[in-house]
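Notes follow the structure.
The values are calculated or read from the model by the stated rules, or taken from the named source; none is laboratory data. Here the structure is a predicted model, which means the values were calculated and not measured. Counting neighbours? That spans all protein chains shown, and the Cβs are built from the backbone with ideal geometry, glycine included. With ligands, DNA and RNA removed, areas are computed over all heavy atoms of the protein, side chains included. Shrake-Rupley method; radii C 1.70, N 1.55, O 1.52, S 1.80 Å.
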Amino acid sequence: MNEHPSSTPPATSGGSGFDERLSVPWWWYVPAVFVAALLGAEIHLGYPGIRSWIGYAVLVPVAVGVLFWLGRVRVRVGAGELRVGEATLALRHVGRVEVVQKADKQIALGPELDPAAFLLHRSWVGPLVRVEVTDPEDPTPYWIFSVRDPERLLAALGR
């Protein structure tokens with residue numbers, strides 16, 4: 001009798017997993033800090049003494065925090081589920097998977113978009129992935145979300 005689990009995962013568990021954070025590009029922090037420092041300088045000119053530094057102390061961390069918050073979303077495949085942000089979908093309910101290239105995003109997010117679909121779009125990420133939902137209890141026809149490496153996601157989903 002074999003005591004070790006099989007090295008090939010069952011069909012509903014997907015591949016070895018996928019984890020991607022949809023963070024903003026690193027260079028976005030440079031203009032954000034510059035704009036925050038410029039606004040801080042406006043406050044600096046209006047107040048004497050220690051109060052003049054409050055603009056810098058508040059606005060620079062807020063600018064960095066906003067960019068960090070925008071890029072906090074993760075796309076994960078593991079433990080028998082697909083997780084996009086806070087939404088989860090069991091892999092057994094994943095139907096047809098289609099990659100939408102950057103050039104076709106406008107059509108996929110415009111005239112072709114079903115209003116009942118789950119959408120998580122990050123404009124700084126190139127391609128989208130459209131995942132059909134086969135759960136009869138779920139009113140969502142499909143999920144469409146941004147991902148940087150769609151081929152790795154397809155491999156993790158077992159496609």
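Here are the numbers for this structure:
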quantity	calculated
Any chance Gly46 is open to solvent by less than 60 Å² (accessible area, probe 1.4 Å) and within 20 Å of the chain's Cα centre (by Cα)	no
Segment 75-109, subset in contact with a Lys or Arg (Cβ under 6 Å, 6 or more places away or on another chain) and under 10 Å from Val131 (Cβ atoms), residue surrounded by the most Cβ atoms within 10 Å (Cβ to Cβ)	Val97
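Results for (1) closer than 22 Å to Ser23 by Cα; (2) in contact (Cβ under 8 Å) with a residue 60 or more places away in the chain, shown as yes or no for each residue.
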residue	(1), (2)
Thr88	yes, no
Leu91	no, yes
Glu132	no, no
Pro136	no, no
Pro139	no, no
Arg159	no, yes
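Results for (1) of a type in the set (Gly, Ala, Ser); (2) in a strand (DSSP E or B); (3) more than 23 Å from Trp27 (Cβ to Cβ); (4) touching a Gly at 6+ places or on another chain (Cβ under 6 Å), shown as yes or no for each residue.
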{"residue": "Val66", "(1), (2), (3), (4)": "no, no, no, no"}
{"residue": "Arg72", "(1), (2), (3), (4)": "no, no, no, no"}
{"residue": "Val77", "(1), (2), (3), (4)": "no, yes, yes, yes"}
{"residue": "Gln106", "(1), (2), (3), (4)": "no, no, yes, no"}
{"residue": "Asp114", "(1), (2), (3), (4)": "no, no, yes, no"}
{"residue": "Leu119", "(1), (2), (3), (4)": "no, yes, yes, no"}
{"residue": "Trp124", "(1), (2), (3), (4)": "no, no, no, no"}
{"residue": "Val129", "(1), (2), (3), (4)": "no, yes, yes, no"}
